[in-house]
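Structure first, commentary second.
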Amino acid sequence: MMFQVIIVLMWCAASDEQDYPFRNTSLSWEDRVSDLIDRLTLDEMVLQMARGGARKNAPAPPIERLGIKPYSWNTECLRGDAEAPGWATSFPQALGLAASFNLALMYRVANATGTEVRAKNNYFTSVGDYSDHTGLSCFSPVVNIMRHPLWGRNQETYGEDPFLSGQLSTAFVKGLQGDHPRYIKANSGCKHFDVHGGPENIPESRFSFDAKVTDRDWRMTFLPQFQACVSAGTYSLMCSYNRINGVPSCANKKLLTDILHTEWGFKGYVVSDEGAIEFIMTRHNYTTSFLETAIASVNAGVNLELSINLPDNVFMKISEAVAKGNITKEMVKNRVRPLFYTRMRLGEFDPPEMNPYRALGMDVVQNDEHRNLSLQAAIQSFVLLKNLQQTLPISRKYITGKTVAVIGPFADNPKVLFGDYAPVPDPQFVYTPRKGLKTLPVKVLFAAGCTEPTCKNYSPTEIKEAVQSADIIIVCLGTGTDIETEGRDRMDIALPGHQDELLRDAVSSASGRPVIVLLFNAGPIDVNWAKSNNDVHAIIECFFPAQTTGLAIARILLNEDGAVPAGRLPATWPSHLDQVPPMENYSMEGRTYRYYGNKVPLYPFGYGLSYTTFIYSQLTLSTTNIPICGNLTVSVQVQNSGKQDGDEVIQLYLRWGQASVTMPQWQLVGFTRATITAGQIKKLEFKVTYDQRAIWTDQWMLEPGAFSLFAGGQQPFQQTSTGSNVLQADFLVSGTARRLIDCKN
């Protein structure tokens, strides 16, 4: 009898849940969200806003009377399901993905990431686990500009160009969130908003730094990629630690309301970086109490506080602020609305059978498809910086039976190959360079020389012995998270510790035999000596390729299974630090290829060699005279003039002839990665839209005048060249200056 009563009560509770209009799938999303929010008390809404993570500050609590379960907002998905319990496929670090210049690849990586995040969340919720990193709301991608080579978080970005970053972030957002017409697979959260790109700790802390920026640099460098995220449909942005011209980002009404919501029409939620709300008071001294801080940040536009393990955090003062009349209850409801709208679009309040993502099981995590994608991504991320006398590729016939020495601190140390915010894969799927080379028909000798990237304790004897016994020498050098990471800026761009000595010892001992240098890093490294020395035969920039590192290296060295290098540097490598302004100076003058001036970098943005050669011809414009609001169609022919099939990254740059304000020397406005077989000619087409010609005065303007377009496999006018030609075509824009917004109406 008691069992029957329990069953009846459970059935009644379930029936009551279905009676709420917010669970009625025939209603509009807006009506459902309004119904849910109208049922919440002020205290319930405050708790939802205050529990963004982490640890004791998570999860958002259940609302049991409405049948609403807990929710974890704190998930990292930079290139795989990072920091969640259990294994996950680890894709190459973000900067390496950017080097692929491949939007389709970025979409696929993000989509696979979303699949694994959703599958693991299905498991976690089934066992009642709502702890940190188990949810569906991702603090990814990172779209800050790589504006200084020493910034510790360069590896998490898509490089130095706002257009490239915007295009890649668009692909990531759409891939992660999926293409279902009703549900999102996992929701993205672009960060860190805004004017954030160092310092981390040198010369001062990111927690208190004031980024002083001109409106033009803000608008033309630090905001465009975030606007691209919003246009792509991201559900969230994360406000950053720093101040912007004296006002903390997470209390910055100009940023979070005027620009983000009013100008861009953003409908999603803003979450704070971890502790950023508290730091408004404790680090920036912008407020004097948690109450004042809550008032400033909520009214500015923050929806969710991510606190540092602080259950009695700033947003717990919202109720008091409402009682005092400093925040209206209507404002609180507006701030809670996008939180529940996001949860609804994730499918939380719909029957599970309606949502195909709810059926994803753990069998998709680390499946063959995802592991193969990780390998493809690693191969496409590699940038060939030097290839003296076509040392690479090495034929399988030539290498068979040879002895290969793989040396250096990155040769067989798995932990240094991943970078920051890396998912943890099953160790059986992790291939170091040494392990990858063992898949080839060669004898592999190994010598670390130093066991860690810091390379403080170096053993030259073991390096020389290994090199002297080998036919081919592969030197694995770089940085790793011991050198550059969140919270840790680099001191210089030199190879760390004794690594330079290790390289010179290897070259000396090789006595002219092939020496191939593999670099594992994010921020540029000073390899002037290796670049100019004829006894260093090849250099490959690998970034942090993650779990398939060794397999990717083995394939790229032999040009097997279509593994031809075609990656391009997503950031300028300076010849020396004297070419770069101080990190704390936020003027763009002298920074990135766009404002680099007449300095000659070690390697320019967009640079990368191939195993084959390409010739550009017939750069054609749809017209050479367009109206002020007109668009332009551009085509160019590319021929693979070599003997190898290969990929080419075609780059299109725009130059302003006579703008009324300071503009970039030229700006990337189009790119595509194309596979072109030996001897084949491909015609590629681009569209250059009027908004790509816009300049910032005190508003976005379009001006008439002369413009130039450059098409090639690299930037124009570079001393360090890929060897392919760059074409130029000029056009005129006629009419009178006009506001950009007037062309959109």
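The values are calculated or read from the model by the stated rules, or taken from the named source; none is laboratory data. Every value quoted in this text rests on a predicted model; they were computed, and no experiment measured them. Cβ coordinates were reconstructed from backbone atoms using ideal geometry, including for glycine residues, and neighbour counts include every protein chain displayed. In case anyone asks, the SASA skips ligands and DNA or RNA and just uses the protein heavy atoms, side chains included. Shrake-Rupley method; radii C 1.70, N 1.55, O 1.52, S 1.80 Å.
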*For Q618 and A494, FRET efficiency with R0 = 41 Å and r from the beta-carbon atoms, rounded to 0.05?*
0.35
*What residues have an amide H closer than 5 Å to that of N245, excluding those fewer than 5 places away on the same chain, when H is modeled at 1.01 Å from N in the peptide plane?*
A211, K212, V213
*asked:* Checking the cross-link filter: which lysines have an alpha carbon closer than 28 Å to that of K120, excluding same-chain neighbours under 8 positions apart?
replied: K56, K69, K174, K185, K191, K267, K415
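What's the FRET efficiency of N528 with D730 using the Cβ-Cβ distance as r and R₀ = 35 Å, to the nearest 0.05?
With a Förster radius of 35 Å, E is 0.45.
Rolling a 1.4 Å sphere over the protein heavy atoms, what is the accessible area per residue of segment 423-513, to the nearest Å²?
Heavy-atom SASA per residue in segment 423-513 reads 41 Å².
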*Amide H within-cut-off set for I63, under 5 Å, with H built and near neighbours excluded*: I68, K69
*Once you list every other residue whose beta carbon is under 9 Å from the beta carbon of M588, what net charge do they have if Lys and Arg are +1 and Asp and Glu are -1?*
+2
_I want to make sure I understand the PRE zone here: with the label point 7 angstrom from the Cα of T675 toward its beta carbon, which residues in segment 356-375 have backbone N atoms less than 16 Å away?_
372-375
_segment 543-615: trypsin sites (Lys or Arg not before Pro) in DSSP coil with no more than 16 other Cβ atoms inside 10 Å_ = K599
*In nm, give the distance between the simple-model label positions of K254 and S231, each being 7 Å from the Cα along the Cα-to-Cβ direction.*
2.4 nm
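Which of the trypsin sites (Lys or Arg not before Pro) across segment 384-473 are loop residues per DSSP, with 16 or fewer other Cβ within 10 Å?
Passing both the DSSP loop test and the Cβ count: K402, K456.
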*asked:* List the aspartates and glutamates whose Cα sits under 13 Å from the Cα of K443, skipping any in the same chain fewer than 8 residues away.
replied: D471
*Short version: ³J(HN,Hα) in whole Hz for each residue of segment 600-612, in order, from phi by Karplus 6.51 cos²θ - 1.76 cosθ + 1.60 (θ = phi - 60°), x for Gly and Pro, what are they?*
9, x, 5, 9, x, 3, x, 8, x, 8, 9, 7, 10
*asked:* With angles folded into 0 to 90 degrees, how steeply does helix 329-345 sit against the dominant principal axis of the chain? Use alpha carbons for both and round to 10.
replied: 60 degrees
*Take the solvent-accessible surface of the protein heavy atoms, probe 1.4 Å, and return the percent of it on the chain that carbon and sulfur atoms account for.*
50 percent
_Relative contact order, percent, segment 654-745 [alpha-carbon distance under 8 Å, six or more residues apart]_ = 29 percent
*Matching label, Cα Rg over 2.2 N^0.38 Å computed from the structure shown, candidates (i) 0.99; (ii) 1.16; (iii) 1.12*: (i)
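Take the cross-link list K402/K435; K531/K599; K212/K744; K643/K682 and give me the ones stretching past 24 Å between alpha-carbons.
On the way: K402/K435 16 Å; K531/K599 18 Å; K212/K744 31 Å; K643/K682 16 Å.
In this structure, K212/K744 exceed 24 Å between Cα atoms.
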*Okay, helix-only estimate at 222 nm for the chain: each DSSP H run of n ≥ 4 adds -39500 (n - 2.57), divide by all residues, round to 500 deg cm²/dmol; what do you get?*
-8000 deg cm²/dmol
_Calculate the FRET efficiency for T689 and E462 from the Cβ-Cβ distance with a Förster distance of 41 Å, rounded to the nearest 0.05._
0.10
_Alpha-carbon Rg with Dmax, taken over segment 31-127, Å_ = 17.3, 50
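Is there a quick way to get the dipole size of the chain? I mean about its Cα centre, with the Cβ of Lys and Arg at +1 and of Asp and Glu at -1; what is the value in debye to the nearest 20? The partial results should precede the final answer.
Values: 68 positive and 74 negative charges, 256 e Å.
The dipole of the chain has a size of about 1220 debye.
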*How many Å² of accessible area per residue for segment 206-331, probe 1.4 Å?*
34 Å²
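Multiplying the sequence separation of N631 and R216 by 0.36 nm and subtracting their Cα-Cα distance, what value in nm do you get? The partial results should precede the final answer.
Working: separation 415, 0.36 × 415 = 149.40 nm, distance 2.36 nm.
Contour length minus Cα-Cα distance gives 147.0 nm.
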*Size of the dipole of segment 610-745 about the Cα centre, Lys and Arg at +1 and Asp and Glu at -1 on the beta carbon, nothing else charged, in debye to 20?*
120 debye
*Against the longest alpha carbon principal axis of the chain, how many degrees, from 0 to 90 and to the nearest 10, is the axis of helix 29-38 turned?*
50 degrees
*Charge sum, other residues only, whose C-beta stays under 12 Å from G713's C-beta, Lys/Arg counted +1 and Asp/Glu -1*: 0
